[in-house]
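Following: one structure in structure tokens, then a few remarks.
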Amino acid sequence: MVGNKVKTDSLLVIGRLSYPSGSAPSNRVHLYCKALKMSGGYPFVINLNASFSEKKHFGFLGRHEGIPFYFCQKTPYRENNLVLRNLRKATGLFNAFIFISRFKKKKNIKVLFFSINFFNEAIIYLYLKILGIPILRECNEAPLFIRKEKKFLRLHTFFHTHLRLKMYNGIIVISDYLYKYYSAIYPKNKIFQIPILVDLDRFNNLLKKTHDNIRIITYVGSMGGD
């Protein structure tokens, strides 16, 4: 409770994103948030990085189809100067801490780490643990030591399988392969398998006649297998 108001459930998606503009990661985040909002929750996207060099139609704080977002460096544009760029990154982390702290006073929060590097993840993790905020993690790519079988990755393997996974209250995987892998080293009741997401509303206005020389190749089916 805050005063006489009941806190509403909220999901903060934090990562090295370029939301609302970007590729597959931004699209997946948007559909997570869209589904949560439709079910009565309150999503918010925090962009840790500022990756754009060209002019965009949005600023550092705004909404995309009703989903609020925030660039914690107070700009979506990348700084060219190396010193200033790293200073902005440090300032951005500090701004993220302030934002999370203020947000927690109003809402019940869970945090989803998405496309985040370990340095940022470790720092934010410690802060979230102090605040008692549950943490979820997107694990939609096979770990590096599976993709590259090299001896120097043994330490990485031990760290990932015995230590890093203990940081999370739950993880999200995208495929049967990853579900099978993680279920052997992580509690199954904390693994959420969410397959590839497609927003069919994006295709509502695409039923138009195309030129005769344009061919569209479409694949529909399972993405499983090796």
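Hey, any idea what % of the stretch 35-147's accessible area is carbon plus sulfur with a 1.4 Å probe?
59
Using modelled amide H (1.01 Å from N, peptide plane; none on Pro or chain starts), what sits under 5 Å from the amide H of VAL13, excluding residues fewer than 5 places away?
Amide H neighbours of VAL13: PHE44, VAL45, ILE46, LEU112.
From the backbone phi of the stretch 9-14, what are the Karplus-calculated ³J(HN,Hα) couplings (6.51 cos²θ - 1.76 cosθ + 1.60, θ = phi - 60°) in whole Hz, Gly and Pro given as x?
So the J values, rounded to whole Hz, are 5, 9, 10, 9, 9, 10.
Points 7 angstrom from Cα along the Cβ direction at SER101 and ILE216: gap in nanometres?
5.1
Mind giving me the FRET efficiency for LEU61 and GLU141? R0 is 25 Å, r the Cβ-Cβ distance, nearest 0.05 is fine.
Efficiency at R0 = 25 Å is approximately 0.25.
Is the shape of the stretch 28-103 rounded, prolate or oblate, going by the alpha carbon gyration tensor and its root eigenvalues a ≥ b ≥ c, with a/c under 1.5 for rounded and a/b larger than b/c for prolate?
Judged from the Cα gyration tensor, the stretch 28-103 comes out oblate (a/c at least 1.5, b/c at or above a/b).
Please grab the % of Cα pairs in the stretch 58-182 that end up more than 26 Å from each other.
The answer is 35 percent, as a whole percent.
Could you check the spin-label model distance between LYS180 and ARG16? Points 7 Å from the Cα along Cα→Cβ, value in nm.
Here the modelled spin labels are 3.0 nm apart.
ASP199 versus LEU126, label points 7 Å from Cα toward the beta carbon: distance in nm?
About 3.7 nm separates the two model spin labels.
The values are calculated or read from the model by the stated rules, or taken from the named source; none is laboratory data. Everything numeric here is computed off the predicted structure, so don't read it as measured data. Every residue, glycine among them, receives a Cβ derived from its backbone with ideal geometry; neighbour counts consider all protein chains shown. Remember, those area values only see protein heavy atoms, side chains included, never the ligands or the DNA or RNA. Shrake-Rupley method; radii C 1.70, N 1.55, O 1.52, S 1.80 Å.
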